[in-house]
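The values are calculated or read from the model by the stated rules, or taken from the named source; none is laboratory data. All of these numbers come straight from a predicted model, not from anything done at the bench. FYI the Cβ positions are ideal-geometry reconstructions off the backbone, even for glycines, and counts take in every protein chain you see.
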Amino acid sequence: MKKYWFIINMQIMSNLQYIFNIIFGFIGYFIMLFILFNLWQYLYSDPSELINGYSLLQMTWYVVITEILWSTLSGSKFCKKICNDVKSGNITYNINKPYSYIGYSLSTHLGDISVRLLVYTILGMLTGLLFLGSFPSLSLVSVLIVILTSIMALVIQTLFMIAIGLLSFFIEDANPFYWVYSKVILVLGTIFPIEYFPGILQTILRFSPVYVVSYGPAKLFVDFSWDAAFSIILAQIIYFVIAYLLCFAIYRKGVKRINVNGG
Amino acid sequence: MTIIEVKNLSKKFRVKVKENGLKGSLKSIFKPKYKVVEAVKNISFEVEKGEIIAFIGPNGAGKSTTIKMMTSILYPDQGSVRVLGFDPVKDRKKLSYEIGTVFGQKEQLWTHLTPYDNFKFFGAIYDIPEAACEKRIDELAMLFELDDFINTPVRNLSLGQRIRCEIVASLIHEPKVLFLDEPTIGLDPVVKENIRVLIKRMNKEFKTTIFLTSHDVGDIEKLCKRVIIINDGQIVLDDSMENLKYHYLNKKIVEAKMKEKVNLDDEDGITILKDKGYNLKIEVDTTKRSVADAIKLLNPDNIIDINISNVPLEDIIRNIYQKKD
Amino acid sequence: MLTAVNGVKNQMRVTRLSIRYAVMREMLNKFTFLSNVLFMILNNACMIVQWVVLYSINDDIGGYTFKQMLLLWGLSASIYGFAHFLFEKAFHLSDTINTGKLDAFLVQPKNVLLQTISSDTKISSLGDLLFGFIMYFIHGFTIESFLLFIFFTASGGLILTAISIILNSLSFWLNKSDMIAEVGNSLMINFSTYPDGIFKGITRILLFTLIPVGIANYIPIHVMTDFNIYLFFINIGVTLLFMLFAFLIFYQGLKKYSSSNLMSARI
C-alpha cells in the first residue's frame, strides 16, 4: 500500500510544481487583459454604447476568450520543438514507428496544454468577472458549444504549428514563419472580432483560419446564435481536414528529401 | 620564493536538504532546512616559484573549492590565501592580471571564432598592446604546435586541440601562475600524453608555476614533482613525488614471458600475481629482496621478454586512504 | 587619472569586441540572419493594423494621434532592440548565475557585469531596432527629433537592461527569480506599446515609478512632440539612477555569491 501512496505523492508533487508554473505564467495573461480592458474602457464613452455591434461587456469578454486560447497554445515553444525534431534528425526515428509523427505530436501537445487550458479558463473567467462584474448571457448549451469549438480551435492551431515546424525540412529556420502567422492571428482575430474590419477584408477573414481558431469560440461566447454555431463548426471541420492534409503533404515531401540526401 | 601561501583555509557550504515526499517539499518551500558541508577543512600549504604541483583527490574532495578560493571566485570562511602576495578577496582585479586559469569542463573560448581571434580577444581583456600580443601568440603557437589549426574555427577542432587552445588563451598575458582544473578530462591517452608534454615544456620555458587539479594519475606521475592529496576536505598527504614513490612504491611489478614453464611459489618478498604457465607476473618487495635477485629465481636464460614497472599510483593513493581510515 | 582613463578605454574596447564577436556568431548563417531580421520587422509591422483599426473608431486615443502612436510603437521597438542587441545576456543573467558560468568572467580583470551582459546578442532584435527607425521616419524627420530619438532609444534601452539586471540579480538570493524577471520584463514591454492616457489612478502612478515605462517610453514621445527640458532631464536622471542601482545590486549579489555560495543539491 505504501508504495502506491508514494507514487501518488510523487505525482502530486511534480504536478504542484507544474501548476505553480502555470499560475505564474498567468500573470502575463493578466497584464495583457488589464491593458486591453483599460483601452476599451477609454474607447467606450458609456457602457451602453455599441462599437461595430459589440458592447463594452461583449468586447472585453471576447478578448478574455481569445486570449485564453492564445496563451494556452504557447505555440512558439511547440513550433521550436518541431523544428528541433526535424533539424536534429530525431524525426527520422519516428519514420519506422507504428504511429504517425503528426498524430504523435498533436496528441503530446494537446496533453501538455490540457491542464493549462483548465487553469487559464478558470482564472480567465475570474479576471473577466473582476473587471466587468458579470457574464454575457449564456445558456448551458451555448457554454458546451463554446467548449467544443475552443478545443477544436486548439487542435487546428496545433496542426498549423506542426505544418510550420515541418517547413524546417526545406529551410534553415522556420521560426520566423511562426512569428508572422501568430501575429496575423493575433491582430486579425484575437484583439478584435472580425466585424471591426472593412467589408472585403471581413469576407476574406470569414474564410481564413482566423475565423475558426480564435474568432469562432469567442463570438459564440459573447453573442450566441445557432446560425453562427453551425457555420463555425462546419468551418472547423473543413479546416481540420485541410490542416491535417497540409501537415501530411509537407511531412511526406520532407521525409523523401531526407531519404534522397541521406539526412 | 613562495608564490602561493594557504593558511588554515576553511570553507563551508550550506546545502539545502530536501526531505522526501509531499510534506517534505512543502516544508522546504516555507522553512528550508540546510545541512552544512565542510568542503575544505583547515588546510595549509605553500607553493614555490616554478613548481608543478598536483592537487589530487576523488570527486567532491574539495579540489575545485580550493582552486576557486585561490582565483578569487569564492571567498574563504576562515584562514587566508596569498597568491603572489595578493589577497584574492581584496585584489581580484590585480591578481587576475597575474594568473591564468583553465577549467577543463568550462570553455572560455568563443567557438565560432578561430583560435587566433580568440587569443586577440584575450589580449584585449588583459590590455596587451596589439604588437606585443601578436608576438606572444606566435611564440605560444610554436610552443603548443598550433600552426595547423590556428585559423580554423574552434568548433571544428578536436577536444585535444581545443584544450591546447584553452591553455594558450590563458597564457596570453604571461601569467606567473597557471591554475589548471582537470585539464585532461575526457581526452584519449595519446592526446593526454601530448598535453602533458606541452605543459611540461611550457613550465620549463616560462618558469610558470603550475597548480594542477586532477583525478588522473597519469597527469601527476608524468608532470609533477610534488603532490598534495586531498580527501574529504583535508590534506592527506603533501610530499614530493619521489618520497611518495619511496614510501608507497617499494614494490615492483615484474612481468616475464618464459621459454619454459617455471614453478615458483610465494616466498619472502615475492608474491605471485598471475601464473599462466609461460606468462608470469610477480610483485617484488624491494625492501626484502632485490629485483635482480628475483630475476635470478626465474632463470635469466629462460626469459624471452621482461617488463619491470612501478605499482600504479592509483593503488598507492587507495592505499593511503585506507591507512587514514 | 591617466590610468583610470586608460582603464575605461580598455574596458570599452573589450566590450566592443565582445559584442562584435557575438554578432559575428549570429551572422554565420546569412539566411537565418536575414530572415530573422526581416521577419521581425514584418512581425512588428503587423501590429500597425491594430492601431489603424482603433484609430478608425476614434482619432484620439489616450491623448495620442495616430502618428504619435506610431512613434511610440517605433520607440518601444527600438528600445527593446537596442537592449537585446547589445546586452542580451542581461535578460538571461539568472541562468548564468545559477549554472556557475559567472566564474569564467570572475577570473578576468575586467568589469564582471559588463563582460557578462555583452557576451551574447539576439539577432532578431536588430529587426526591432530597424523597425523603430522606420516608424520614426514615417512619423516625420527633423534633425532635432532624430537626435532625440536616438538618444531616447539608448536611454530607454539602458533602463530596460538595468531593470532586467536588478530583477535577475535576485537569483543571488532567491531561486526562481528568473520568473520575477520575466514578469518584470513583460510588464515593461506590454505597457510600452499602449498610450499612457488610457491608464488612470494607481496604474498611472506605477508607470512613472516602479514600472518606469512612463519615463523610458512616454516622456520621450511628449518631449519629441513638444520639447520640454525639464522632462528631458528627468529621463536622463532616472536612466542614471537605474544604472547605478543595477550595478550596486549586482555587485552586492556577487559578494554574496563568492562568500556564501549556496549549493542547491539534493541529498
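Selection of segment B:158-175 for residues being surrounded by 20 or more Cβ atoms within 10 Å (Cβ to Cβ) and part of a loop (DSSP other than H, G, I, E, B) yields B:170, B:171, B:172, B:173, B:175. Filtering segment B:110-138 to residues that are within 23 Å of residue B:184 (Cα to Cα) and either part of a helix (DSSP H, G or I) or at the interface with chain C (Cβ under 10 Å from one of its Cβ atoms) (or both) leaves B:110, B:111, B:112, B:113, B:115, B:116, B:118, B:119, B:122, B:137. Please work out which residue is farthest from the other protein chains (Cβ to nearest Cβ), limiting yourself to segment B:86-109 and to residues that are part of a loop (DSSP other than H, G, I, E, B) and polar (S, T, N, Q). Per the criteria, the residue is B:105.
Given the criteria touching a helix residue (DSSP H, G or I) at 6+ places or on another chain (Cβ under 6 Å), surrounded by 15 or more Cβ atoms within 10 Å (Cβ to Cβ), closer than 21 Å to residue A:15 by Cα and touching a residue at least 12 places away in the same chain (Cβ under 8 Å), does residue A:123 qualify? In short, yes. Residues of segment C:141-165 that are outside any helix (DSSP H, G or I) and either surrounded by 15 or more Cβ atoms within 10 Å (Cβ to Cβ) or among the polar types (S, T, N, Q) (or both): C:142 alone. Of all the listed residues (C:186, C:177), the sole one being more than 25 Å from residue C:132 (Cβ to Cβ) and either within 18 Å of the chain's Cα centre (by Cα) or within 14 Å of chain A (Cβ to nearest Cβ) (or both) is C:177. The number of residues in segment A:146-176 that are under 13 Å from residue A:251 (Cβ atoms) and under 18 Å from the mean Cα position of the chain (by Cα) comes to 5. Please tell me if residue A:134 is over 13 Å from the mean Cα position of the chain (by Cα), at pLDDT 90 or above and closer than 30 Å to residue A:54 by Cα. Criteria not met by residue A:134. Where helices (runs of 4 or more DSSP H) sit wholly within segment A:35-103, those with at least 1 residues that are touching a His at 6+ places or on another chain (Cβ under 7 Å) occupy A:75-88.
Say we look at segment B:36-68 and pick out the residues that are over 21 Å from residue B:224 (Cβ atoms) and not small (Gly, Ala, Ser); which of these is farthest from the other protein chains (Cβ to nearest Cβ)?
Looking at the filtered set, the residue picked out is B:42.
Just a yes or no: is a residue in segment A:86-103 in contact with a Cys (Cβ under 8 Å, 6 or more places away or on another chain) and away from chain C (no Cβ under 14 Å)? Checked segment A:86-103: at least one residue is in contact with a Cys (Cβ under 8 Å, 6 or more places away or on another chain) and away from chain C (no Cβ under 14 Å).
Here segment A:236-256 is the region considered, the condition is being among the aliphatic types (A, V, I, L, M) and more than 22 Å from the chain's Cα centre (by Cα), and the residue that is modelled with the highest pLDDT is A:249.
Table: residues versus (1) of a type outside the set (Phe, Trp, Tyr); (2) modelled with pLDDT of 90 or more.
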residue	(1), (2)
A:21	yes, no
A:40	no, yes
A:64	yes, yes
A:74	yes, no
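Among the hydrophobic types (A, V, I, L, M, F, W, C), touching a helix residue (DSSP H, G or I) at 6+ places or on another chain (Cβ under 9 Å) and facing chain A (nearest Cβ under 9 Å), is that true of residue C:23? Here the answer is no, as residue C:23 does not meet what is asked.
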